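A.B. asks: Just passing along the structure, written as structure tokens.
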């Protein structure tokens, strides 16, 4: 890359918000980043972030980003820390990889100090705020953040800008067998389906139901119905209050979905005019304790 090209490319770099944690690191507490702070560093001097929670970088996404960089330039510098033998990425691995694929020799970068724990936290924040992690990658990153920094789930949620319920629900996915975790990571099984399977204690039955989801396209609600228990064929099923439940309005259906997501378990609304009731299921002592914590604070 010639000097003229490097200067021209660097001049196209603009500042964009990267999220609260990254902003603080990059700007030193909110001050705008100046052009003088941006350095052009050789790509072969930069190593990937060893604490990067993202394990898979889709080739199609990198190709799309590379084409954008080729046409418009890099709109945001990567962030690195200095080491004894060069630099390590703090944030911007997709930009780093896409720039490498273009055969360029260097890249605009901001050099900042960061500890190993900050490297993990900031890489997690960047990926979560860009929705770049699959559910299992996110769960593993949350667990690493909690264990390494000694955080509670609530504190970890604050650090990454998520609700405690969202973090707890994601962490629960790590209770699945490794084979099912891989299915969730690949996108073949949704996180909602996976959470429904957590109510099944037998791994073989979990695998069978997961196969049915793939083969029959079962919805999360249909899978939840299967998980509640098999129907007997030798006697008609007794009618229960749930079987008489009227069809919910779109508004109540949405509220029911929100409650299920917030509490991480099956929730049912039974409206009767202006009155009604709410049922909340739990499937283990641990889930009951988790529900109490969320409901009672």
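A.B. asks: Given the Cα-Cα distance of residue 100 and residue 221 and 0.36 nm per residue of separation, how much length would full extension add, in nm?
C.D. replies: 39.1 nm
A.B. asks: Counting other beta carbons within 10 Å of each Cβ, put 63, 281, 106, 36 in order, fewest first.
C.D. replies: Exposure proxy ranking, most exposed first: 36, 63, 281, 106.
A.B. asks: For segment 244-297, what does the relative contact order come out to in percent, with C-alpha contacts under 8 Å and a separation of six or more?
C.D. replies: 24 percent
A.B. asks: To the nearest µm²/s, what D does Stokes-Einstein give for segment 244-297 at 4 °C and 1.567 mPa s, using the Kirkwood radius over alpha carbon pairs as Rh?
C.D. replies: 107 µm²/s
A.B. asks: Using C-alpha positions alone, give me the convex hull volume of segment 44-99 per residue in cubic angstrom.
C.D. replies: 79 Å³
A.B. asks: Subtracting the Cα-Cα distance from 0.36 nm times the residue separation, let me have the gained length for residue 278 to residue 67 in nm, one decimal.
C.D. replies: 70.8 nm
A.B. asks: Work out, step by step, the length gained on full extension between residue 43 and residue 258: first 0.36 nm times the residue separation, then minus their alpha carbon distance; give nm to one decimal.
C.D. replies: Stretched fully, the residue 43-residue 258 segment lengthens by 72.9 nm.
A.B. asks: Then there's this: Points 7 angstrom from Cα along the Cβ direction at residue 84 and residue 247: gap in nanometres?
C.D. replies: Each label point is offset 7 Å from its Cα along the Cβ direction, giving 7.0 nm.
A.B. asks: Right, next: How would 290, 68 line up from fewest to most surrounding beta-carbon atoms within 10 angstrom?
C.D. replies: Ranking 290, 68 by Cβ neighbours within 10 Å, fewest first, gives 68, 290.
A.B. asks: Normalised by the number of residues in segment 182-230, what is the relative contact order in percent for Cα pairs under 8 Å and 6+ residues apart?
C.D. replies: 39 percent
Values quoted throughout were computed directly from the atomic coordinates according to the rules given, and no laboratory measurement underlies them. The model shown is predicted, which means the values in this text are computed figures rather than measured ones. Ideal geometry is used to build each Cβ from the backbone, glycine not excepted, and the neighbour counts take in all protein chains shown.
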